[in-house]
Amino acid sequence: AMAAQRITPDIREALASNIERTENTHDDVEALTLLDIEFHSLVGNAAGNRALTLAREPLGLWLYPGTIGAILELPNANSRNNVAHREIFAAISEGRVEDARDWMAKHMRDFQRGFGIAGLNMDVPIQESLKSNKSPS
């Protein structure tokens, strides 16, 4: 919501570039994950809230392995992520505060749901969850 109120032309351009690069990256899971982290960092920067930006960076790194796991396990994860990022970007760019807030909340719920569908456990360290998900039954 704050990003929709405060976005600068430079960050708008960086977000548009991020979305384009993400949509043109198909099989490189690590690159997709890094682009996802970049997208969320840019949204945090657009909000102009330094505390949010500082808190978001370690969270992105913490979620990095889980994001890779979800992309590998869920065939539609990348396309769902792209749709959410486009909608969030459009709402932010157009100053639609409530839509930006609603789409980001939906995106976060979808990410959590994807973790569960992929068999990843958000209640344990991600590396442990990834190992237990890959161990033979």
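Quick note: the coordinates plus some simple rules give every number you see, no bench work behind them. Please read these numbers as outputs of a predicted model, since none were measured by experiment. Here the Cβ is made from the backbone with ideal geometry for all residues, glycine too, and neighbour counts use every protein chain on show.
Whole-Hz Karplus values for segment 22-29 come out as 5, 5, 9, 10, 10, 9, 8, 4 Hz, taken residue by residue from phi with 6.51 cos²θ - 1.76 cosθ + 1.60 and θ = phi - 60°; glycine and proline positions read x. Close amide H contacts of Asn49 (hydrogens built in the peptide plane, cut-off under 5 Å, sequence separation of 5 or more or a different chain): none are found.
The HN-Hα couplings worked out from phi for segment 82-88 by the Karplus form 6.51 cos²θ - 1.76 cosθ + 1.60 (θ = phi - 60°) are 4, 4, 4, 5, 4, 5, 4 Hz, whole numbers, x standing for Gly and Pro.
In this Cβ point-charge picture (+1 for Lys and Arg, -1 for Asp and Glu), segment 76-121 has a dipole of about 180 debye about its Cα centre.
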